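Reviewing the structure listed below.
The values are calculated or read from the model by the stated rules, or taken from the named source; none is laboratory data. None of the values given here were measured: they were computed from a predicted structure. Virtual Cβ from ideal backbone geometry, glycine too; neighbours counted across all protein chains shown. Note: accessible area is taken over every heavy atom of the protein model, side chains too, but ligands, DNA and RNA are not part of it. Shrake-Rupley method; radii C 1.70, N 1.55, O 1.52, S 1.80 Å.
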Amino acid sequence: MTHTHGYAAFDPRSPLGPYDFERRTPGPRDVSIEILFCGVCHSDLHTARSEWGGAKYPVVPGHEIVGRVTAVGSEVTRYREGELVGVGCMVDSCQHCAGCDEGLEQYCLNGFTGTYDGIEKETGRTTQGGYSDSVVVDERFVLRIPQGMDPAAAAPLLCAGITTYSPLRRWKVGPGSKVGVVGLGGLGHMAVKLARAMGAEVVLFTTSPGKREDALRLGAHDVVVSRESEQMAAHAASLDLIVNTVAAPHNLDPFLALLKRDGTMVLVGAPAEPHPSPTVFNLILQRRSLAGSLIGGIAETQAMLDFCAEHGIVSDIETIPIQAINDAYERMLKGDVKYRFVIDLGSLKAAA
Ligand code: NAP
Ligand code: ZN
């Protein structure tokens, strides 16, 4: 067993605080990782506060992990001690269902094991995430951080990056595509960068007029304040794909109306309460689709990391010590983050 220091939520309302726990004894296929950085995803907050229900407390959140390999099991072939690696939202899956067979572990029919708030097969205990100083992960769920990539700014790629990359690929975005991104937060700013790098024309939809300059700098060709109907109307029936990253329920109709015939709006934002049901006519009149997408498979996550390295893409981050996590959650709720908090886990040692 590996003694681990971390930060946990203990119930839906109290602030996160220090929590010590044991990681499993590493097995032959396991990679032991000293965690250096962990991104702060809005899903961490949803889970810490049990907004989706059923959180298994204490919960140590964090599924945007970058760290250094400290040891490998006897059967590990892909990683060596000292290498910089990543861990995203999954640490295990059944490996034999239709989803896993296609490398779509996130759609494992027997349920993948989440990096936190999941059940570890080896021990039957709750998995604990990256707001901590070490983790033990089966090598099949470990990613390689490309040479030269800034480790802190790479961390958010492990969730925000793959969650937006996967639908952009699935809906075949490339030169000639016109892509809308709704919400300029952690996921949204990655969607803008990735869609732009894939060659698309990118329109960013925001509720925050103050994010305009940033959105243009990040790669958007146009920025629309979604509450301004005239600005919205300028893009009517023109978009091939919309990636909607908003973390709160809202009216989907004004966005569906911006899709051209056969266009799709894919929901990746996962609010705790449902969106109001959209008007059916917004779908049937131009044969539009409303879809959803969950993170991405392991092979696709590696492809995304390599794509980012090739295109010089990382996340725009604000590094924080773990002690600032509760304040960071409040700021994330206000949309006051440019555009991802990343915890420097060195701060845990400093406090110990
Ligand atoms: P985030 O950084 O908080 O960004 C969400 C953005 O949504 C905000 O920056 C804001 O952008 C916009 N927004 C508009 N109205 C809002 C409101 N009332 N409350 C909150 N946000 C509002 O969050 P994130 O980490 O990108 O995550 C976004 C959502 O995706 C979360 O629900 C998260 O759980 C989910 N998620 C899903 C997956 C998946 O696999 N599908 C993976 C990771 C995360 P503007 O200021 O530009 O309007
Ligand atoms: Zn996430």
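The table that follows gives values for the structure above.
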| item | result |
| --- | --- |
| CD proxy at 222 nm, helix term only [per DSSP H run n ≥ 4: -39500 (n - 2.57); per residue of the chain; nearest 500] | -6500 deg cm²/dmol |
| Percentage relative contact order, the chain, counting C-alpha pairs under 8 Å, at least six apart | 17 |
| Distance cut-off 19 Å, percentage of C-alpha pairs in the range 233-352 lying past it | 65 |
| In Å², nearest 10: area of Glu22 left accessible to a 1.4 Å probe | 70 |
| Inverse of mean 1/r across different Cα pairs in the range 161-292, Kirkwood, Å | 14.3 |
| Choice from Gly219, Gly103, Gly297 showing the highest fluctuation, given a GNM over the chain with Cα pairs closer than 10 Å | Gly103 |
| Area accessible to solvent at Ile322, 1.4 Å probe radius, in Å² | 0 |
| Coil-residue GluC sites (Glu not before Pro) of the range 52-95, DSSP, other Cβ within 10 Å capped at 16 | Glu75, Glu81, Glu83 |
| Rounded accessible area per residue of the chain, 1.4 Å, Å² | 41 |
| Distribution of pairwise C-alpha distances over the chain, 20 Å bins, in % | 32, 58, 11, 0 |
| With DNA, RNA and ligands ignored, accessible area of Ser277 (1.4 Å probe; Å², nearest 10) | 100 |
| Antiparallel DSSP beta bridges within the chain, as percent of all bridges there, nearest 5 | 55 |
| Built amide H within the under 5 Å cut-off of Ile343, gap 5+ | Cys38, Gly39, Val40, Ile320 |
| Global form of the range 46-178, assessed from the alpha-carbon gyration tensor, a/c cut-off 1.5 | rounded |
| Distance in nm between pseudo-label sites at Arg227 and Arg287 (7 Å out along the Cβ direction from Cα) | 3.8 |
| Paramagnetic reach from Asp344 (point 7 Å along Cα→Cβ, amide N under 19 Å) across the range 61-76 | 64-68 |
| Length released on extending from Thr2 to Thr123, taking residue separation times 0.36 nm less the Cα-Cα span | 42.2 nm |
